[in-house]
């Protein structure tokens, strides 16, 4: 088995495992959000205790790895994600990266704090098609303070080929 085949097999097995544990799509209540730190909140979603993100169902991606300061999402772009010129729409890249870098910031927040994306800068390196196969978006925190969180992210395929990279600035605030 080649390195690529081994990686694809591992990625597909992890995705199937995660999908089996996720709950139905929905939105958590403000009290559910406030009850945990950012990392605990994400873990409650991933375990199926809280609803999974509707955008993940729409765009066909799931979280596959997570620890404080680092979150990885995996998705497989399909023809339903195409633009009219025959490749995956830039919005797919942006949504995958916004999820990874935003959740990386969220994973560092203490209980009672929330965030929102203020700025997202994405550079597309190469096109994706329905033949690309699964890709992973990894978000890593650069710095999270009391008011601002900054993170960076990358989308790669099973060969480690880079498709896009991003940076984000997030506003951090006390939840109401």
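Computed from the coordinates by the stated procedures, all read-outs in this text should not be read as laboratory data. Keep in mind the model is a prediction, meaning the values are calculated, not measured. Cβ sites come from the backbone with ideal geometry, for glycine too, and all protein chains shown count toward neighbours.
Listed values, structure above:
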| quantity | calculated |
| --- | --- |
| Equivalent ellipsoid, the stretch 3-174 (semi-axes from 5 times Cα gyration tensor eigenvalues, Å) | 26, 19, 14 |
| Between 0 and 90°, nearest 10: helix 90-106 axis offset from the chain longest Cα axis | 40 |
| R0 of 25 Å, Cβ-Cβ distance residue 117-residue 80: FRET efficiency to nearest 0.05 | 0.55 |
| MRE, 222 nm, helices only [DSSP H, n ≥ 4, -39500 (n - 2.57), over the chain, to nearest 500] | -9500 deg cm²/dmol |
| Label-point gap, in nm, between residue 12 and residue 127 - each point 7 angstrom along Cα→Cβ | 2.6 |
| Cα long-axis angle, helix 3-21 against the chain (0 to 90 degrees, to the nearest 10) | 40 |
| Contact order normalised by residue count of the chain, Cα under 8 Å, 6+ apart, percent | 22 |
| Two-site FRET efficiency, residue 24 against residue 173, from Cβ-Cβ distance with R₀ of 30 Å, rounded to 0.05 | 0.60 |
| Where only C-alpha atoms are counted, convex hull volume of the stretch 38-122 per residue in Å³ | 99 |
